[in-house]
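Read the structure below first, then the notes.
The values are calculated or read from the model by the stated rules, or taken from the named source; none is laboratory data. This structure is a prediction, so every number in the text was calculated from the model and none was measured. Reconstructed Cβ throughout: ideal geometry from the backbone, glycine too, with neighbour counts over all protein chains shown. Calculation scope for accessible area: heavy atoms of the full protein, side chains included, ligands and nucleic acids excluded. Shrake-Rupley method; radii C 1.70, N 1.55, O 1.52, S 1.80 Å.
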Amino acid sequence: MVSTHNLGFPRMGAGRELKFALESYWRDASSLDELKRVGADLRRRHWAAQQGLGWVPVGDFSFYDQVLDMSFTLGNLPERVRGYGGDALDNCFRVARGRSAKSSEQHGAAVTAAEMTKWFNTNYHYIVPEFEAGTTFALDASRLLEQLQEARAQGVAAKPVILGPLTYLALGKARDGSDKLALLPRLLDIYQALLQELARAGATWVQVDEPVLVTELEDTWRDAFRTAYAALAAPGVKLLLATYFGTLAENRELVASLPVAGVHVDAINGRDDVQPLADALRSSQVLSLGVIDGRNVWKADLAAILDWVEPIARQLGDRLWLAPSCSLLHVPVDLAGEQKMDPEVRSWLAFALQKLDELKLLARALNEGRAAVSDALSANRSALAARRASPRVTNPNVQAAVRRINVSLGQRKSPYAERARKQAAVLGLPLYPTTTIGSFPQTDTIRQARREHRAGRLDDAGYEQAMKAAIADCVREQEKLGLDVLVHGEAERNDMVEYFGEQLQGYVFSQSGWVQSYGSRGVKPPILFGDVSRPRAMTVSWITYAQSLTRKPMKGMLTGPVTMLNWSFVRDDQPRAATCRQLALAIRAEVLDLEQAGVHVIQIDEPALREGLPLRRSQWQAYLDWAVECFRIAANGVRDETQVHTHMCYSEFNDIIESIAGMDADVITMETSRSDMELLDAFDDFSYPNGIGPGVYDIHSPNIPSEAHMVHLMQEAARRIPATQLWVNPDCGLKTRRWEEVEPALASMVAAARTLRASA
Ligand code: GLN
Ligand code: ZN
């Protein structure tokens, strides 16, 4: 009998109950007991929803982050939160966000929040564990033991889930630069004790997540895997070593050699691993195949999966388990809530609960024969066939346009130096020109107008008028401040991807398709289901209106194709690069319309360019090649006189700076100020050819930067980059800030630019 299991379930609740409970507790509007009750209730409901699977995950629930939970289990808390008494959960919030609820702060002041970073190639952010050479660990198994007991009391076949020791070490940061692997022996003592506790509490299987195995590992780390799993091969509990998000490739033999009771692999992203592992595993070992995509929202092709899994099921029998490819944390909970979604597209989708149904169906088909589930299989077959055949998915014009793409489409007419001369003549900007990244504060007035418009209480004309008023205010403020290149402020945009997605053909939007991003925060990625086209101009009327209010140059603001792709759920029936090229053509059309309408400066944001990088470095270049190509297609059709800007943020760019230069934007503005201009190190060995604005104002902080500080940062920049190439601007958009903060900060920024000019 083939059996099934799940690796993890979304925690927030279909109605985002956990988000609201957390935020209410942090505001001091409800008690810790109430928060804990919401948590217990969600766990109970989620286990109930997973009943019927062979094994159900326990310990995947978290009030903030599963990596942080593991730090607590291992007793690895930063020194700065150790003095606090009270509830462990308050301390968890202190590490995660610098503070807990006010009423819990017996010891006063807030602490520095821990660093947060992206969980592999997902948009989920985890709290980075901190290490030092002297770090010691101490087991606190209480959270896992309590939840295990809860699940068993509910009659669930409970399988505790923990993060494995090597991935835990790999994801952490040695604050003193010491060798993290030196901590492994100490850490293994704690893991051994933890596994013993779980065995004693009745666990049969424990899922140990080691996704770091899908990345390139140094030999010392590969050896450490052998040492670690030899030490953890204690009897009493069976380990399922789980990897996901990619292929094991060169780590496959290592994995097959480890003394664990079972291995889970991602058969969506690592199909090549499957047959070799099925052949290599010992006859006592289980192979778990992640056959349902845990990272996307499409119905699976059940017949196609059965075609390739049936022979493996015959080979392995009881030793085969089926699962989603990874934790379902990365998809929304339930499609049933999407009553307003286009019914045709909805019939092609599966969210977490629907994916578990697919899993159960597959297991029945394997165990009882396809005939036992023939109705369900044929319903699946028709849904897929309808999707393939739908005229909504394919647009021959778009496909023909993509086929016509050639290098010249991404090629500016003249080299940068010549363009820069022509642009200078048109724009007449001073040395150290000042600008902003696009958005200005989303005031209550703006939000209210949008709410009213959505609810149908404000008509289109009234909404347009409200947005124009906000734009006019924003332009007036920028003139007063003395900025050189102005923006319209993006009042009309709720979100930089959603705004464009709503106007493009090929996209649909969910109402409650939330996915956790970090802590209580979620995103609702749009769903890109078909060939992308642009029925009409999307931004031209707003920008030309803004330009009509000023003689200064007004930037046209667009979201780039790579960011549109990386921040959406995208179709799985063609390569991502192909979808990105379609997006590039749609954005290109908008760029050309803006130029035609007399806009001389056009910014195409690509904040998500870096996060699309594959997990293995050896695959980086292939991604960067098509990503840069797509940006160039979108941007580079313009005349020499038109100045193209781009913007990037959220991460380090030093290791991909040459590809960024390859985008050939006339000006790039980048996030730098939080890292004290670490970015500039990249220019010690590489001379960036075009205009660049290293952000001097950290917009993520409510602090107002001083003129002197910004002058200093720009002088640091000018030591590596000729002053004639430099721009002065904030790190990112200002939409999350208040006008009271933005005004003095930008006034200082403009003053800083004047000081720099005077001394140049
Ligand atoms: N133009 C966008 C803004 O200013 C850019 C946002 C981003 O980089 N994430 O808000
Ligand atoms: Zn940004």
With respect to Gly506, determine if the residue is away from ligand 2 (no atom under 16 Å from the Cβ), modelled with pLDDT of 95 or more, open to solvent by less than 50 Å² (accessible area, probe 1.4 Å) and touching a Phe, Trp or Tyr at 6+ places or on another chain (Cβ under 7 Å). yes
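Taking segment 441-484 as the region of interest, how many residues are under 30 Å from Gly428 (Cβ atoms) and of a type in the set (Ser, Thr, Tyr)? Break it down into steps so the answer makes sense when it comes.
The first filter runs over segment 441-484 and keeps only residues under 30 Å from Gly428 (Cβ atoms), leaving 441, 467-484.
When the remaining residues are screened for being of a type in the set (Ser, Thr, Tyr), the result is none.
The number of residues fulfilling the criteria is 0.
Does segment 395-441 hold any residues that are among the hydrophobic types (A, V, I, L, M, F, W, C) and either within 16 Å of ligand 1 (Cβ to nearest atom) or touching an Asp or Glu at 6+ places or on another chain (Cβ under 6 Å) (or both), and which are they? Talk me through it step by step, then tell me what you get.
At the first step, the residues of segment 395-441 found to be among the hydrophobic types (A, V, I, L, M, F, W, C) are 398, 400-402, 405, 407, 409, 417, 420, 424-427, 429, 431, 437, 440.
Of everything in segment 395-441, those that are among the hydrophobic types (A, V, I, L, M, F, W, C) and either within 16 Å of ligand 1 (Cβ to nearest atom) or touching an Asp or Glu at 6+ places or on another chain (Cβ under 6 Å) (or both) turn out to be Val398, Val426, Leu429, Ile437, Phe440.
Leu287 - would you say it is touching a strand residue (DSSP E or B) at 6+ places or on another chain (Cβ under 9 Å) and assigned to a strand (DSSP E or B)?
On the way: touching a strand residue (DSSP E or B) at 6+ places or on another chain (Cβ under 9 Å): yes; assigned to a strand (DSSP E or B): yes.
Against the criterion (touching a strand residue (DSSP E or B) at 6+ places or on another chain (Cβ under 9 Å) and assigned to a strand (DSSP E or B)), Leu287 qualifies.
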Hey, Thr435 open to solvent by less than 50 Å² (accessible area, probe 1.4 Å) and in contact (Cβ under 8 Å) with a residue 12 or more places away in the chain or not: yes
Number of the exception - Asp698 against (1) under 28 Å from the mean Cα position of the chain (by Cα); (2) open to solvent by 20 Å² or more (accessible area, probe 1.4 Å); (3) under 20 Å from Phe631 (Cβ atoms): (3)
Within segment 77-107, considering residues that are hydroxyl-bearing (Ser, Thr, Tyr) and not in a helix (DSSP H, G or I), the one surrounded by the most Cβ atoms within 10 Å (Cβ to Cβ): Ser100
What is the number of the single condition among (1) under 17 Å from Ser71 (Cα atoms); (2) touching a residue at least 60 places away in the same chain (Cβ under 8 Å); (3) over 30 Å from the mean Cα position of the chain (by Cα) that Arg186 does not meet? (2)
Given (1) more than 22 Å from Val644 (Cβ to Cβ); (2) touching a strand residue (DSSP E or B) at 6+ places or on another chain (Cβ under 8 Å); (3) assigned to a loop (DSSP other than H, G, I, E, B); (4) open to solvent by less than 20 Å² (accessible area, probe 1.4 Å), index of the condition Ala491 fails: (2)
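Name the residue, out of Thr136, Thr117, Thr112, that is surrounded by fewer than 21 Cβ atoms within 10 Å (Cβ to Cβ) and under 23 Å from Val523 (Cβ atoms). Talk me through it step by step, then tell me what you get.
Values: Thr136 fails: under 23 Å from Val523 (Cβ atoms); Thr112 fails: under 23 Å from Val523 (Cβ atoms).
Going through Thr136, Thr117, Thr112 in turn, the sole match is Thr117.
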May I ask you to list the residues in segment 645-666 that are over 12 Å from Pro689 (Cα atoms), within 16 Å of ligand 1 (Cβ to nearest atom) and not small (Gly, Ala, Ser)? His645, Thr646, His647, Met648, Cys649, Tyr650, Glu652, Phe653
Failed criterion for Arg737 (all others in (1) away from ligand 1 (no atom under 14 Å from the Cβ); (2) open to solvent by 10 Å² or more (accessible area, probe 1.4 Å) hold): (1)
Please work out if Ile190 is part of a strand (DSSP E or B) and aliphatic (A, V, I, L, M). no
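Among Ile633, Ile602, Ile587, which is within 16 Å of ligand 1 (Cβ to nearest atom), more than 17 Å from Gly501 (Cα to Cα) and surrounded by 22 or more Cβ atoms within 10 Å (Cβ to Cβ)?
So the residue among Ile633, Ile602, Ile587 that is within 16 Å of ligand 1 (Cβ to nearest atom), more than 17 Å from Gly501 (Cα to Cα) and surrounded by 22 or more Cβ atoms within 10 Å (Cβ to Cβ) is Ile602.
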Which residues, taken from segment 282-333, are within 19 Å of Ala383 (Cβ to Cβ), surrounded by fewer than 22 Cβ atoms within 10 Å (Cβ to Cβ) and small (Gly, Ala, Ser)? Ala303, Ala304
